[in-house]
Amino acid sequence: MKILVTGASGLVGSRLLRVFADHEVTGTRNSRVVEGLLPLDLADTAAIDALVDDLQPDLVLHPAAMPAVDRCELEPGLSLTINVEGTRAVARAAARVGARMVYFSSDYVFDGSAGPYEIDAEPAPINEYGRHKLAAEQAVSELVDDHVIVRICGVYGHDPRGLNFIMQLLARASSDETMKAPRDQWGTPTCADNLAAAVRELALSDYRGVAHPVGPDCLPRDEFARRAAAALGLDAGFIQAVDTPELAQPAPRPLRCGLDNRRTQELLSLRLLGVDEGLAAVAAELGR
């Protein structure tokens, strides 16, 4: 099977490359040079078309995005170009070559008033990032008959670039800096390796529609931070629990968010890992 993974230089994309290594898999990157990955600008529709036409993939996995929530709020035009129009171009190209498509969305398509959310809950995003992820979901649904929309939340894992919560936690601990963690923002933390394995199962199945292959535990971010610190052998004294307004984030956050994974778990042979199991796996990978 020929597989295209967009955004393969990111945490999720890099794990997807690993779990599909037994197939003919091609990964793309953004402007940052990563050996073995092809450059792809999601703002360049012609480049997307040319790549897909050249590769003729059977499966397109599309985690590539502009994921910085506050930047999306401050630069909505750029977010629209990358997160919506870029996804629309990938979906249109996938449909043209008859590929199955897996699109990676977010729990931020919900307003955070009643999480964790089931797969058929009514979306109601409250920030630009969430609105654009929802618009991209709709584009994929309309353009690609054979699709899976994978919503994710709080993905963590070992990432040398330090671009996820766990790596930021380690960096702050080593520098003796205080880390502020909101006690009023809830989510369902998800181990990147476990997520990728679950997505492999879904992608290679006949399932179509929305899936929530996330962890089963819904908890506030400050609690997750303390449990992560314990798993990594850190003194949690540098973690400061705060309320969201104290962070002065440009984008409003859906507070009681996260995703209900139970209906997705029924589709899978593997078990979606809880927080402590996932953190133990990451700690082992880091040698801690």
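The values are calculated or read from the model by the stated rules, or taken from the named source; none is laboratory data. Not measured: the values here are computed from a predicted model. Cβ: placed from backbone, ideal geometry, glycine included. Neighbour counts: every protein chain shown.
Restricting the search to the stretch 76-87, which residues are out of contact with any Leu (no Cβ under 7 Å at 6 or more places or on another chain) and touching a residue at least 24 places away in the same chain (Cβ under 8 Å)? Hits for the stretch 76-87 are P76, S79, L80, T81, N83, V84, E85, T87.
Checking E118, E177, E128, E73 one by one, the residue that is in contact (Cβ under 8 Å) with a residue 40 or more places away in the chain and farther than 26 Å from C218 by Cβ is E177 and no other.
What about R200, is it of a type in the set (D, E, K, R), modelled with pLDDT of 95 or more and within 19 Å of the chain's Cα centre (by Cα)? Against the criterion (of a type in the set (D, E, K, R), modelled with pLDDT of 95 or more and within 19 Å of the chain's Cα centre (by Cα)), R200 qualifies. Please work out if G233 is touching a residue at least 12 places away in the same chain (Cβ under 8 Å) and either of a type in the set (V, I, T) or under 21 Å from R262 (Cα atoms) (or both). Answer is no for this residue. The number of residues in the stretch 92-142 that are of a type in the set (D, E, K, R) and surrounded by fewer than 16 Cβ atoms within 10 Å (Cβ to Cβ) comes to 5.
As for the stretch 68-81, it holds no residue that is at pLDDT 95 or above, surrounded by fewer than 24 Cβ atoms within 10 Å (Cβ to Cβ) and in contact with a strand residue (DSSP E or B) (Cβ under 8 Å, 6 or more places away or on another chain).
So, A241, is that one modelled with pLDDT of 95 or more, more than 30 Å from E122 (Cα to Cα) and not assigned by TED's automatic domain parsing to the domain that holds A203 or not?
In short, yes.
Checking every residue in the stretch 29-39 against the condition of being closer than 22 Å to V150 by Cα, free of Cβ contacts under 8 Å to residues at least 40 places away in the same chain and hydroxyl-bearing (S, T, Y) gives zero matches.
Highlighted here are the helices (runs of 4 or more DSSP H) found entirely within the stretch 124-211 that include at least 1 residues which are in contact with a Pro (Cβ under 7 Å, 6 or more places away or on another chain): 128-143, 192-203. For the stretch 212-262, residues that are within 25 Å of A280 (Cα to Cα) and either more than 18 Å from the chain's Cα centre (by Cα) or part of a strand (DSSP E or B) (or both) total 23.
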